[in-house]
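Engineer: Dumping the structure here so I can ask a few things about it.
The values are calculated or read from the model by the stated rules, or taken from the named source; none is laboratory data. As the structure is a computational prediction, the values presented were derived from the model and not from experiment. Note that each Cβ is placed from the backbone with ideal geometry, even for glycine, and that neighbours are counted across all protein chains shown.
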Amino acid sequence: MSLLSSSQDASSKDVSSAIAYESEAFQQAVDGIDEAIRSGEGAAFFFVGASQEEKQEGLMRLSTPQELNLHRFRVPNLLGERLVETQGHLREAFDHADEGAAVLFFDEADVLFDPSYAEKAGEEDAALSDYFFDRVEAYPGVAIVCFSSQEYVDRLEGHSADVVVEF
């Protein structure tokens, strides 16, 4: 199941490509959410460069038509001192909203690429971001992950979103 037409879909899997928020492609993705949830595949969106107001507006466009429950998380608040502690917090966030017909909104995800928040940089950072994005991709509802710039999206290796939206 694809949220975008085939020509747009090919570029959405390449995290360096994005669609504009105020585009027909974004509206097409919004219109495809119901089917994505019914099929159990869910929908993953990356919001890039959005202000707080734009995030709120985009969030409302994604959740209101489908009357989905909303669960908001600031990623820095989910980080613990050790990898296992952080994974536990993330597991609770996903399990808490494991109702399928919900929107998970993760703000400030840039922090996953900032080693100053981890006990030690390197393998633990990679394991943490892999764990997080594996859960995002597997979520059967709608997951929205917000980044401040395209730089962080470009650093994702082996992970993608159904739709990368640039504000």
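Engineer: Being over 11 Å from residue 107 (Cβ atoms) and in contact with a His (Cβ under 9 Å, 6 or more places away or on another chain) is the filter here, so list the residues in region 58-84 that pass it. Show your work before the answer.
Structural biologist: At the first step, the residues of region 58-84 found to be over 11 Å from residue 107 (Cβ atoms) are 58, 60-71, 79-84.
71, 79, 80, listed by residue number.
Engineer: Which of (1) farther than 18 Å from residue 140 by Cβ; (2) crowded, with 16+ Cβ neighbours inside 10 Å is the odd one out, the single condition residue 94 does not satisfy?
Structural biologist: Failed condition: (1).
Engineer: Given 99, 81, which one is in a loop (DSSP other than H, G, I, E, B), over 15 Å from the mean Cα position of the chain (by Cα) and at pLDDT 75 or above?
Structural biologist: Details: 99 fails: at pLDDT 75 or above.
Within the list 99, 81, the selection yields 81.
Engineer: Within region 41-78, how many residues turn out to be assigned to a helix (DSSP H, G or I), without any contact (Cβ under 8 Å) to a residue 40 or more places away in the chain and either within 19 Å of residue 167 (Cα to Cα) or acidic (Asp, Glu) (or both)?
Structural biologist: 6
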